[in-house]
Amino acid sequence: MLGTAIIWANANNCAAINLIVDEGASALAFSASAFQSPVPNVWEVEGRGMALVSPVAPEVEPAPDCADLTALLLEAGLDVVADHGVWLGEINGLELARVGTRDGTCDIDIGVGAFDQFASAALNPDGRDVAESLQGVIAMVRPHRSAASAPHAIGRLARARWLRAQLIREPSLIGLATLNPVPLLVPRPGLMETQPAAALGVSHDGSSVLVACAVGLDLGIAETAAGLSALHRPDEVVVVVPPRDQHQRIVDAVAALAIPSSVVAIEGEWAANAH
């Protein structure tokens, strides 16, 4: 909502932006606070009236201490990423395993996304060899999740997270010395839903940089970058998109952030062989 409102306001030379919402108002106001003048006002419906909302930072649940299971993911060759109370084991941004807690005990789910993990657990109610199951799903996915892969549906999933994984391996592509993943302000949806991906990095001069990756015409990426910049307080924001998605409206919306911000075009690794 906020990102598209900024785009519309820029296109129509609006002097003020007022958003009226019935839920999630304080979190939206938090993201809105990261824009420069005019800072969008967020109003919440209260009965027959409205009230101006103060920004409140959303809480991001930290990932649990499950060192043995996260070590298993690393040994299997997966990227291990913290995300809203769990650890995700990924291949180029695609979730193949999830480590969290059940009744205070660390546990692991294996499969491509939450639905596959649920199905796998249901088909093996008496337990299974975790390492063997993990290697099985990795062997199925890895051939379709690399720069040399032929076109395949698995290669089209979670491409924003793939773009982030690519930049984490090569932060120099956007002029950074280091780059590490961070979760968004809201939990990720299912694999079939498009969602950006974010990371925090350090430039060669020591400045902190928030990186937000999007694939497809994501009109909400400025809102994503705004909320994360309000939370992490970086020195700079860089939004990274494939060249075909570098739309001028997105560039203008990102430029409306209160800290120095830019949009950089980087081709995803999948582009050589698949679209």
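Annotations for the structure displayed:
- For the chain, a Gaussian network of Cα nodes joined below 10 Å ranks V112, V263, V137 by mean-square fluctuation, and the top entry is V137.
- Considering only alpha-carbon pairs that sit under 8 angstrom and 6 or more positions apart, the relative contact order computed for the chain is 17 percent.
- The C-alpha atoms of the chain define a longest principal axis, and helix 113-123 lies at about 30 degrees to it.
- Computed over segment 37-174: relative contact order in percent, which uses C-alpha pairs under 8 Å that are six or more apart: 16
- Our coupling estimate for segment 225-242, obtained by passing each phi through the Karplus curve with A = 6.51, B = -1.76, C = 1.60 and θ = phi - 60°, is 5, 5, x, 5, 5, 5, 7, 9, 6, x, 7, 7, 10, 10, 9, 10, 9, x Hz, Gly and Pro reported as x.
- From least to most packed, judged by other beta carbons within 10 angstrom and beginning with the fewest, E269, E75, E236 follow the order E75, E236, E269.
- Ranked by how many other Cβ atoms sit within 10 Å of their own Cβ, fewest first, the residues T105, T224, T4 fall in the order T105, T4, T224.
- Comparing A97, A158, A71 in a Gaussian network model of the chain where C-alpha atoms under 10 Å apart are linked, the largest mean-square fluctuation is found at A71.
- Estimated from helical segments only, the mean residue ellipticity of the chain at 222 nm is -8500 deg cm²/dmol, where each DSSP H run of four or more residues counts as -39500 (n - 2.57).
- Projected over all directions and averaged, the alpha-carbon convex hull of the chain occupies 16.5 nm².
- When I20, I168 are arranged by Cβ crowding within 10 Å, least crowded first, meaning fewest neighbours, the order is I20, I168.
- Gap separating the Cα centres of segment 25-44 and segment 136-195, nearest whole Å: 30
- Under 5 Å, built H, 5+ apart or other chain: amide partners of V42: L19, V53
- Build a GNM of the chain with springs between Cα atoms under 10 Å apart, and of A76, A222, A160 the one that fluctuates most is A76.
- Viscosity 1.567 mPa s, 4 °C: Kirkwood-radius Stokes-Einstein D of segment 2-52 over Cα pairs, µm²/s: 115
Readers should treat all values here as calculations from the given coordinates under stated rules, not as data from a laboratory. In this text the structure is predicted, and so the values were computed from the model without any measurement. Because the Cβ atoms are built from the backbone with ideal geometry, glycine has one as well, and the counts that use them run over all protein chains shown.
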